[in-house]
């Protein structure tokens, strides 16, 4: 173990999730899950007998704040590992700082792909790990005339490009593509509601993020549309966004993700009940929180094996390492630093809870540079039959 | 066309001509991550046959071998992306000589490589299409010149008007089922033969 670390008497890590601002509802769950994992590790004796000590800042959903605070974490607080970021704009702001200090960012959020940095581990879903499965489910159950509604930034554009491609492969149609401001008010969705009335699509694919999500679903319900026949389908509407809706507004809508808080596996139940014990029975536990949780455990195991938190020594230990995450066994891919995950599709029930309606039971290899997603090929990583976790535990 | 370029990037055969040091390994790994079929090569080979794209380290020491490689590009040259560590005029001259479609600067890092590859491939396709277009126009122009010459020959030999000469060539071409340009060339060749002085033996 390095001398400096012994002197410090702890493993200091940086934690950058927004506690205020537009995406704070979901980022707070990532913060809570990160701290839950750290507490679990410390309660079990820490890593090589030293506790993990989080240095936590609130970047306020603002990329400039993210950059400033990353600079402080690496330059002043001298941490080398940072857990954080939700929106791509914040990751893009933080990564150059992480790279210049030769640190490591652990990024627990689904995103649009087309990135690799040796200094970043991506533990959320790439488009080939959620869009393809969602599209297949929607085509089979609802049809292939889609209206796309998204927040105005990079993730929605790229998600919509991927979805458009899949719809075309299925000989379907995109009836329109509408963007609203990042922190859209209820009235910003008027046009989308008019378009739904006018074009009568089979599915609305929403890439609206953050607090605007509930406003959109409320407007949809208020307009009298029936989600059981024509749902809003999403990759970004998680338990965190649904927490802002009534069950009546939420019921019937569809989301694809590798984790839902209602999963019945033993590891999932343990994780969810530990989380709720700390934050209340009503506290939402989305996939973004699950990734934030398991990535801390992956890193702690890697530090223990490396005997150091030096990213140059932690990285080789992280590559190809496996961990029994709540969603199933996950693995970091040596080639692209993304994570092998278990896609699932769920529908919101009458109590506003996600119930898995399709579990392909396949762990999917991340393919962040996939130009063309294929409905038929999802690059399963070969352990499908071996360890497919059952969702009803 | 632009979306087709993106679709085709995966599966491109990329020859990475770079010393097998850390940067060379990074280049190869990232191109594989993107989904290209990558083959590393070092030292600089004499030819890059079969490669769609050549990523080439350009420096002073390799001046001679780079120029030899350039001369081996006959027919349609590959897409070339130069990797440079300096931008002094003599390096720039080499970059131009090799016909680079894009440049990557050192230190090499993953971000930006996909963009350079896309832009380079797009420029290469545009150039190739432009070259094919020019070739077609040149052929057409040569054909028109031949028709003009054939008409002059017929006008002089048969004392007919330009329009009559044109009709004659066109009818002949139609009856023999050949393009009018080919008919014109036949007339020119026949005329050359008839008018050439007998060879002294």
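Coordinate-derived values only; no laboratory data. All values reported here derive from a predicted model rather than from experimental measurement. Neighbour counts run over all protein chains shown; Cβ positions are idealised from the backbone, glycine included.
Tabulated data for the structure shown
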quantity: Order of A:341, A:375 - criterion: other Cβ atoms within 10 Å of each residue's Cβ, fewest first; calculated: A:375, A:341
quantity: Computed Rg/Rh of the range B:2-111, alpha carbon atoms with Kirkwood Rh; calculated: 0.94
quantity: Angle in degrees between helix A:88-100 and the longest Cα principal axis of chain A, rounded to the nearest 10; calculated: 20 degrees
quantity: Sites residue A:77 and residue A:320, calculated FRET efficiency, Cβ-Cβ separation with R0 30 Å, nearest 0.05; calculated: 0.50
quantity: For chain A, Kirkwood radius (reciprocal of mean inverse C-alpha pair distance, Å); calculated: 21.0 Å
quantity: Normalised per residue, the volume of the convex hull around the Cα set of chain B (Å³); calculated: 213 Å³
quantity: With Cα atoms, 0 to 90° folded angle of helix B:180-195 axis to chain B main axis; calculated: 60 degrees
quantity: Cα-based Rg / Dmax (Å) for the range A:31-99; calculated: 13.1, 37
quantity: Computed Kirkwood radius, in angstrom, where 1/r is averaged over Cα pairs of the range A:246-285; calculated: 11.5 Å
quantity: Gain on full stretching of the segment that runs from residue B:137 to residue B:87 - 0.36 nm per residue minus C-alpha separation; calculated: 14.2 nm
quantity: For a label point 7 Å along the Cα-to-beta-carbon line of residue A:305, residues of the range A:324-340 with backbone N under 14 Å; calculated: A:324, A:330-335
quantity: Efficiency of FRET from Cβ geometry, residue A:171 and residue B:46, R₀ 45 Å, rounded to 0.05; calculated: 0.35
quantity: Between the range A:13-55 and the range B:157-172, the Cα center-to-center distance that results, in Å; calculated: 92 Å
quantity: Rg(Cα)/(2.2 N^0.38 Å) for the range A:114-268, N = residue count; calculated: 1.02
quantity: Share, in percent, of DSSP beta bridges within chain A that are antiparallel, nearest 5; calculated: 35 percent
quantity: Pair residue A:44, residue B:130: separation of 7 Å Cα→Cβ label points (nm); calculated: 6.2 nm
quantity: Shielding by partners, peptide A:327-336 (average Cβ within 10 angstrom, other chains); calculated: 1
quantity: Exposure proxy order (Cβ contacts within 10 Å, fewest to most) of B:111, A:260; calculated: B:111, A:260
quantity: Residue A:279 paired with residue B:76, simple spin-label distance in nm, labels 7 Å along Cα-to-beta-carbon; calculated: 5.5 nm
quantity: Inverse mean reciprocal Cα-Cα distance (Kirkwood Rh) of the range B:133-195, Å; calculated: 11.9 Å
quantity: Chain lengthening between residue B:158 and residue B:195 when straightened (0.36 nm per residue, less Cα-Cα); calculated: 11.8 nm
quantity: Helix A:131-141 axis, angle to chain A major axis (alpha carbon atoms, nearest 10°); calculated: 30 degrees
quantity: Average beta carbon contacts from partner chains per residue of B:4-13, 10 Å cutoff; calculated: 1
quantity: Residue B:61-residue B:19 pseudo-label distance in nm [points 7 Å out on the Cα-to-Cβ vector]; calculated: 0.4 nm
quantity: Cβ-based exposure ranking for A:299, B:58, in which fewest neighbours within 10 Å come first; calculated: B:58, A:299
quantity: Shielding score for B:28-38, defined as the mean number of other chain Cβ atoms within 10 Å; calculated: 3
